[in-house]
Amino acid sequence: MKPKELRTLTREELEQRLRETREELFNLKFQHKTGQLSNALRIREVRKDIARLSTLLEEGAGVGATPSPEETP
């Protein structure tokens with residue numbers, strides 16, 4: 001997921017994506033422990049996606065959010 005794409009989503013959509021991504025991470029860790037995971041690097045990618053989503057939610061990003069002072073010209 002690209003941060004630019006994520007900034008176009010609403011807060012509810014960001015929260016939904018975060019829930020889905022956390023669930024995916026849980027499943028990947030479970031597969032890794034049982035030896036069924038084919039691509040272990042996917043865990044790292046998902047963790048980074050969770051960090052991106054969390055950061056955007058903490059910033060208050062989303063459609064209709066007020067821009068931060070750095071974003072205003």
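Computed from the coordinates by the stated procedures, all read-outs in this text should not be read as laboratory data. Since we're looking at a predicted model, the values are computed, not measured. So basically every Cβ, Gly included, is an ideal-geometry build from the backbone, and we count neighbours across all protein chains shown.
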Inset, instruction - Could you work out the local net charge near GLU24, counting Lys and Arg as +1, Asp and Glu as -1, over the other residues with Cβ closer than 13 Å to its Cβ? - result: +4
Legend entry - Whole-number percent relative contact order across the stretch 3-59, with pairs defined as alpha carbons under 8 Å at least 6 apart: 49
Inset, instruction - Between beta-carbons, use under 14 Å as the cut-off and find the net charge around GLN36, counting Lys and Arg +1, Asp and Glu -1. - result: +3
Legend entry - Stretch gain in nm, segment LYS29-LYS2, where the contour uses 0.36 nm per residue and the Cα spacing is subtracted: 7.4 nm
Inset, instruction - When a/c is below 1.5 the answer is rounded, else prolate if a/b is larger than b/c, else oblate, so apply that to the stretch 3-59 with a ≥ b ≥ c taken from the square roots of the Cα gyration tensor eigenvalues. - result: prolate
Inset, instruction - Sort the following peptides by mean Cβ neighbour count (other Cβ atoms within 10 Å, averaged over residues), highest first: 51-57, 20-26. - result: 51-57, 20-26
